[in-house]
1. Where does each of B:172-181, B:131-140 land if you order them by average Cβ count within 10 Å, highest first?
2. When you count, for each residue, the other Cβ atoms within 10 Å and take the mean per peptide, how do B:8-16, B:209-217, A:115-123, B:229-237 rank with the highest first?
3. What whole number of Å gives the distance from the Cα centroid of region B:87-115 to the Cα centroid of region B:176-212?
4. Using a 10 angstrom cutoff on alpha carbons, build the Gaussian network for chain B and name the most mobile of B:250, B:56, B:220.
5. Mind listing the long-range amide H neighbours of residue B:124? Cut-off is under 5 Å, sequence gap 5 or more, other chains count too, H placed in the peptide plane at 1.01 Å from N.
6. Label 7 Å along Cα→Cβ of residue B:65; region B:102-122 residues with amide nitrogen under 20 Å?
7. Defining a contact as two alpha carbons under 8 Å apart and six or more residues distant in sequence, what relative contact order in percent does chain B show?
8. What is the spread of the Cα atoms of the protein assembly as shown along each of their three principal axes, largest first, in whole Å?
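What follows draws every value from the coordinates through simple rules; no lab data is involved. Being a predicted model, the structure only gives us computed values, none of them experimental. All Cβ positions, glycine included, derive from the backbone under ideal geometry; neighbour counts span all protein chains shown.
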Amino acid sequence: MSEDMLSRIRKKSQRISVPTRDASLADERPMLELAVEPAQSSTQSRELEVRSIQEELDQLPAIAPRRQVRLESEIEQQLLEVCSREKVTVETFLEAAFLACTSNHELHLKVLAEAKSRLRSRKRAGMLRRLKTQLENIN
Amino acid sequence: MLTIASLSLSGGQGKTSLALFLGKKLAEMGCQVLMVDADPQANLTTYLGHDVEQNSPTLLEVIKKAVALEDGIYSLSGSENLFLIPADDALDSIQDYLSSSGTGATILRRRLEPAEGTFEICIIDSPPQRSQICKSTIGAADYIVVPAETTIKGFGSLMRTLDSLNELKELRVATAELLGVLPFRDRWIGQNQTSESRLCVDAMRQEVGADLILPSIRESEQYKKAITKGTSLRELGYPDLEYPFEILASKITGLLQKEKVHV
């Protein structure tokens, strides 16, 4: 054990000076704040709150209408497990994955290649199912 | 030096309380203990009664290598064996430095190396988020103790924390072992544990194994009183409430002994 270091720490009356630390939020994106005006009545106060919440909502991105998405069963299960474990939704995961692709050309190409391969398999599966139905109808 | 991180990825799980009471217990037992406040909320710094001066070094400057490690360590009044690297709000700004370094997970470990041979134990109070500072804390630790409230939130926090630990170990930027899970705010009514607490502790036990479940911290105002007054639970007249920390401290001193034998 280094008693020297401990002694020096205990005796430090003159400590080295460092530049003043900046803990301000000035560099951060401006935080959305609710209006804090004093309300005349509870009705006015509620109206103010509703208005300011609407303002906040107006600044958020619009969400497209619901779309039905059909996935390969095993992948759907894995995706749902991942989303459940990481506490995100399938929608937000897909949005994030898409954005990750758009900012990484190599990844974008890799994902596209995989998507095209899957589409070919799906089309082939669709054709086989149609053929099977036609054969069964003949019989 | 054995480095122990008090780690939970949700707030309010007892990280700082664990770090504080454990550090004090080990110091009381005669160990030279270095406390590291790695949480920008700086509660550990406050609870240890240290006032951070604007132009005095904190963990921020230690990590950035703006000062030598020694200049960021402060002795504490009331204990010959307890020392602190403090934090304040500004520690938040270290995130960019850590992520742009490319080796953020190992930086804190490297910065603490000069303390080897001076301190026997280092206890790090980790922040309650999956942040760069948190990764660096995990990377610095030899052992992790996870306090977790005996609620669904607490169990979820335990799961997320263990996932993060395993993730970093798989990436080979951390080697920390789980030393124990400390059930926190375990609710008892008289001699009976509440159903929720019992179910959550059982779930924790199933998750990590009975050996790693430490005696729980019961829900009690006395912990807060001890923190506010800067005294021990024993001094407040509640020595039994120190039991979980006594057990954990024994585990740690046992590991220290093993380390000395191998050296």
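1. Values: B:172-181: 18.1, B:131-140: 24.3.
Descending packing order for the listed peptides: B:131-140, B:172-181.
2. Working: B:8-16: 22.3, B:209-217: 16.0, A:115-123: 10.6, B:229-237: 13.7.
Highest mean packing first, the order is B:8-16, B:209-217, B:229-237, A:115-123.
3. Region B:176-212 and region B:87-115 have Cα centres separated by 32 Å.
4. It is B:56.
5. For residue B:124, whose amide H was placed from the backbone, the distant partners under 5 Å are B:4, B:5, B:6, B:36.
6. Under 20 Å, as judged by backbone N against the label point of residue B:65, lie B:102-116 of region B:102-122.
7. Details: 492 pairs, mean separation 62.0, N = 263.
24 percent.
8. Each principal axis gives a Cα extent; for the protein assembly as shown these are 94, 61, 52 Å.
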